[in-house]
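The values are calculated or read from the model by the stated rules, or taken from the named source; none is laboratory data. Keep in mind it's a predicted model, so treat the numbers as computed, not measured. Note: ideal-geometry Cβ built from the backbone for every residue, glycine included; neighbour counts use all protein chains shown.
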Amino acid sequence: MDGMGWRDSVRIKQQQLWSEVPPKWKVDDHLPAQDNVIDTVPAYLSTADREITEMPLGQLLDSLRSNEVTAQEALAAFAHRALVAHQFIGETANNIIGCTVNPYNGNLSAGGACGGEGALLALKGSPLGIGTDVAGSVRIPCSFNGLWSLKCSEGRLPRSGLATVLSGMPTASGSIGLISNDLGGVSRVFQALLSSEPWGLSDVDVLELPWRQEKLDAIRRRKSRNGSSGRLVFGVVECDAHVTPHPPVAKAIATTIQALERYGYEVIKWNPPPHAPAVNNLFQIFGSTSAREAREAINASGEPPIAQLKEWYEQGDVPPNSSADFWNLCDQRDRYRAQYSAYWASTGDKTLSGRVPDGIILPVAPTTAVRSGEFHYYGYSAIANVLDLPSGTIPVSGIHQLPDEPQDRGQFNRNELDARIQMSYRKEESYGMPVGIQVMCPRLQEEQVLGLMEAISEALADASGLASP
């Protein structure tokens, strides 16, 4: 580090970043960390900048195409809003900026790994986010920040050029996820990426699978109370029998069930093979190299590990798995996939229509946004990565009036981990926070996911009297 300690490098970088902010865009009166800044950021913008940055993504693209908004105007508006937003929430978790806070409550986390992206989009400092989802890295921040996302199956979208410490991982190396403030934006960008035909020599790992409008249309024909091709069928996981969702999440699931049934759709309880062991197996696959790449990156930086990695880092080097051990872990994963698929195929016997569910609805996480360091369970999110299924997140609004809860939530614990998560529930901090659910479909059926997201959001909007996105 040219003779400088990491603290000196951090201080110089912080000064450099601050010096590059135009004086007229600097925010002098920082709010206390606990404040909700969702409605504060727009106050620092001009009317024109607010109008541009608050357009739904599809409308913004149409405005750019018609020259109603120029590219220069859009760039300046989003740059301004993003710079204001960063001064309130920070960016990601590192030794330069610190830890991103949630724009709805600065005492809480924005989620991870794409928490900076999630917080920025919640504040409309960007119209679109693209990230990798390894165990919920895209979907958890979307749930915590009230956003829409689509996590694709591996191979559906290109990953070339993405930086990763999992380079060379032959399996479960992460899926591409799209993030936006509205469903239309996610769908439109997904179509645009596929229209570029990113397969073949462009990216040898991308499957030649163009946009399939017929798949979306097939869902839309069944999307109303009087669907012409038979009503939609959903399986719903209310609890995975390992960790009980906190009350706001449980209410979001219950609200969704009621809205779907009111709309005329069929809903059944979903009791697949247990998530927790399969997700633990996935993390063992990730850890097969003993995270040597991450340790080498930290050591090369000269910096200490961030708080989230400190305990692991201090354990020191451990030997990586042998090839035989790694293959065994992958075999366990494949056997679980077969069991899950067999369960799905068998559920036609449990529905009135005789159809297997078109999609599976479940929490994204057992909690709403938590304090930094209090997120401990990926069983609801990482199951889609275990199975390599596409999954879309949907924000559920209006989850405010919650029943009184007993002080000792640990009395309901299923195990030690569940007790730990139940004790982290604070009703006053959960009040008014975004809540997300997700819907999974069979592998590579992203168009079906988008269609079901439409159907679910319309049913929820109808139940609450709101316009659907």
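Tabulated data
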| item | result |
| --- | --- |
| Hey, VAL370 closer than 25 Å to GLU416 by Cα, in a helix (DSSP H, G or I) and in contact (Cβ under 8 Å) with a residue 40 or more places away in the chain or not | no |
| Filtered residue count, region 55-99, keeping only those that are assigned to a loop (DSSP other than H, G, I, E, B) and at positive phi | 3 |
| Of residues in region 129-144 being under 8 Å from the mean Cα position of the chain (by Cα) and hydroxyl-bearing (Ser, Thr, Tyr), the one surrounded by the most Cβ atoms within 10 Å (Cβ to Cβ) | SER143 |
| Unique match (being hydroxyl-bearing (Ser, Thr, Tyr), more than 10 Å from the chain's Cα centre (by Cα) and at pLDDT 90 or above) among SER126, SER149 | SER126 |
| Residue that is in a helix (DSSP H, G or I), of a type outside the set (A, V, I, L, M), surrounded by 24 or more Cβ atoms within 10 Å (Cβ to Cβ) and at pLDDT 95 or above, where the choices are GLY379, GLY451 | GLY451 |
| Breaking point among (1) crowded, with 17+ Cβ neighbours inside 10 Å; (2) modelled with pLDDT of 90 or more, for SER66 | (1) |
| So SER153, is it buried (at least 23 other Cβ atoms within 10 Å of the Cβ), over 30 Å from ALA307 (Cα atoms) and either of a type in the set (Lys, Arg) or touching a Lys or Arg at 6+ places or on another chain (Cβ under 8 Å) (or both) | yes |
| Which numbered condition THR255 fails, given (1) surrounded by fewer than 17 Cβ atoms within 10 Å (Cβ to Cβ); (2) in a helix (DSSP H, G or I); (3) polar (S, T, N, Q) | (1) |
| Residues that are farther than 25 Å from PRO304 by Cβ and surrounded by fewer than 20 Cβ atoms within 10 Å (Cβ to Cβ), drawn from region 83-124 | LEU83, GLN87 |
| Residue within region 387-404 that is among the acidic types (Asp, Glu), out of contact with any Ser or Thr (no Cβ under 7 Å at 6 or more places or on another chain), modelled with pLDDT of 95 or more and under 30 Å from GLU154 (Cα atoms) present | no |
| Residues satisfying the stated conditions in region 349-367, i.e. part of a loop (DSSP other than H, G, I, E, B) and of a type outside the set (Val, Ile, Thr) | LEU352, SER353, GLY354, ARG355, PRO357, ASP358, ALA365, PRO366 |
| Which numbered condition GLU428 fails, given (1) part of a helix (DSSP H, G or I); (2) in contact (Cβ under 8 Å) with a residue 40 or more places away in the chain; (3) among the charged types (D, E, K, R) | (2) |
| Test for ALA419: is it closer than 21 Å to GLU238 by Cα, modelled with pLDDT of 90 or more, under 24 Å from the mean Cα position of the chain (by Cα) and of a type in the set (Gly, Ala, Ser) | no |
| In region 56-71, the residues that are within 20 Å of SER187 (Cβ to Cβ), of a type in the set (A, V, I, L, M) and without any contact (Cβ under 8 Å) to a residue 40 or more places away in the chain | LEU64 |
| From ALA338, ALA384, residue being part of a helix (DSSP H, G or I), assigned by TED's automatic domain parsing to the domain that holds LEU282, closer than 17 Å to TRP270 by Cβ and at pLDDT 95 or above | ALA384 |
